[in-house]
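Asker: Sharing a structure here in structure tokens format.
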Amino acid sequence: MNANQKRLLLPIAILALGLVALIGAVALILGGGGEQGRVSSIGGPFSLTDQNGARVTEATYRGAPSIVFFGFTHCPDVCPTALFDMSEVLKRLPADKRVSALFVTVDPERDTPAILKDYLSSFDPRISGLSGTRSEIDAALKSYRVYSKKQPQENGDYSMDHSAIIYLMDKQGRFVTALNLQSPPEAVAKEIQRFM
């Protein structure tokens, strides 16, 4: 093998490893397929507290599709934008059809039910804010395969890095798809209506 061939081999090997990692990540997110071929392992049991102080579980939201987003109230841009987009979609759904919209905090140390209630008053009233103890939130993060990590800041405060996937769950609480809120709200609403 000459020197030119050796130089080409390294980028090809890196590309191959990257493709294997990408395929593995997609398989991890979408799960093994199960009996129905498209049921994933995203979602599952949780027990949290809503913005009104009521205890809720995944069973609370069965019987209607759910839109689920994980974020935090101190988020400077991604979370308020996602909640605004969710509100725009909710406005375009039939008023006589039930849908649940959940904003689950990744920062329960600051996001108490009262803080969530105040924060969500700027968005569609159908969006419920969910919090809990750190262990309860960690269990929900694990069930939904959400990445979240505290990032210290210079002033002693902190921010939260987190994934920003908006999950669509069906009436039984099973993962359907990740919603693309960059699409027109009418198109997203139409997609949700297929599961009502």
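Asker: Anything in the range 46-59 that is of a type in the set (Val, Ile, Thr) and either buried (at least 19 other Cβ atoms within 10 Å of the Cβ) or not assigned by TED's automatic domain parsing to the domain that holds LEU116 (or both)? List them, or say none.
Answerer: THR49, the sole residue that qualifies.
Asker: From the residues in the range 104-125 that are within 18 Å of the chain's Cα centre (by Cα) and within 13 Å of GLU136 (Cα to Cα), which one is surrounded by the most Cβ atoms within 10 Å (Cβ to Cβ)?
Answerer: Among them, the one singled out is THR105.
Asker: Can I ask one more? Do we find a residue being more than 27 Å from PRO185 (Cβ to Cβ) and under 17 Å from the mean Cα position of the chain (by Cα) anywhere in the range 71-82?
Answerer: No, the conditions are met nowhere in the range 71-82.
Asker: Look through the range 177-196, keep the residues that are modelled with pLDDT under 95 and among the aliphatic types (A, V, I, L, M), and return whichever of them is surrounded by the most Cβ atoms within 10 Å (Cβ to Cβ).
Answerer: Only one residue fits best here, namely LEU181.
Asker: Can you pull out the residues in the range 86-103 that are part of a helix (DSSP H, G or I) and surrounded by fewer than 20 Cβ atoms within 10 Å (Cβ to Cβ)?
Answerer: If the condition is that a residue be part of a helix (DSSP H, G or I) and surrounded by fewer than 20 Cβ atoms within 10 Å (Cβ to Cβ), then SER87, GLU88, LYS91 are the ones that fit.
Asker: Looking for whichever is of a type in the set (Lys, Arg) and modelled with pLDDT of 95 or more here; the options are LYS97, LYS91. Which one fits?
Answerer: Result: LYS91 is the single residue among LYS97, LYS91 that is of a type in the set (Lys, Arg) and modelled with pLDDT of 95 or more.
Asker: For the subset of the range 104-128 comprising residues that are among the β-branched types (Val, Ile, Thr) and not in a helix (DSSP H, G or I), which member is nearest to MET160 (Cα to Cα)?
Answerer: VAL106
Asker: Quick check on the range 147-176: of everything there that is assigned to a loop (DSSP other than H, G, I, E, B) and of a type in the set (S, T, N, Q), which residue is surrounded by the most Cβ atoms within 10 Å (Cβ to Cβ)?
Answerer: Selected residue: SER163.
The values are calculated or read from the model by the stated rules, or taken from the named source; none is laboratory data. Every value quoted in this text rests on a predicted model; they were computed, and no experiment measured them. Every residue, glycine among them, receives a Cβ derived from its backbone with ideal geometry; neighbour counts consider all protein chains shown.
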